[in-house]
Amino acid sequence: MKKPLVLVAVATILLYSFIFLPYENPEKFEGFPVPRFAKVATEKNMVTTYDWSHASEENGLPFTYLLRIKLAGWKAVTREGAMTVYSKNGREIEVTSLTDYLGVAERESE
């Protein structure tokens, strides 16, 4: 009986470690998750760019980041090249993933 319980506990800790721990929800982007360990490169008004080695233009965002975005309630609404627009509660966030570069910007309401 103890073995299945231990396996469930270990699986839960691993899941949390890979999906929730590496990302934070800054107030600036209305709770849109951003990588906790990415280094802020520039910050201007509604745009923040990060140096992040997991970002890639060819492969897009890592699966764990996409899952974390989805679990936070954000839905992808459009995609153009390396940029994806996510929406939640009438707010829109643009995410651009290039090699070692992540751009996160809040879109202005129209």
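Mind checking whether some residue in the stretch 81-93 is open to solvent by 60 Å² or more (accessible area, probe 1.4 Å), hydrophobic (A, V, I, L, M, F, W, C) and out of contact with any helix residue (DSSP H, G or I) (no Cβ under 8 Å at 6 or more places or on another chain)?
no
I'd like the residue in the stretch 42-69 that is more than 12 Å from the chain's Cα centre (by Cα) and more than 20 Å from ARG107 (Cβ to Cβ) and, out of all such residues, is least open to solvent (accessible area, probe 1.4 Å).
That would be SER56.
Mind listing whichever residues of the stretch 25-61 are touching a residue at least 60 places away in the same chain (Cβ under 8 Å) and in a loop (DSSP other than H, G, I, E, B)?
GLU30, PHE32, ALA38, MET46 - these are the residues of the stretch 25-61 that are touching a residue at least 60 places away in the same chain (Cβ under 8 Å) and in a loop (DSSP other than H, G, I, E, B).
Among the candidates LEU67, LEU98, single out the residue that is out of contact with any strand residue (DSSP E or B) (no Cβ under 9 Å at 6 or more places or on another chain) and of a type in the set (A, V, I, L, M).
LEU67
Exactly one condition in (1) outside any strand (DSSP E or B); (2) out of contact with any Phe, Trp or Tyr (no Cβ under 9 Å at 6 or more places or on another chain); (3) closer than 20 Å to LYS39 by Cβ is not met by THR64; state its number.
(2)
The values are calculated or read from the model by the stated rules, or taken from the named source; none is laboratory data. Not measured: the values here are computed from a predicted model. Heads up, the Cβs are rebuilt from the backbone with ideal geometry, glycines too, and the neighbour counts pull from every protein chain shown. Note: areas computed on protein heavy atoms with side chains; ligands, DNA, RNA excluded. Shrake-Rupley method; radii C 1.70, N 1.55, O 1.52, S 1.80 Å.
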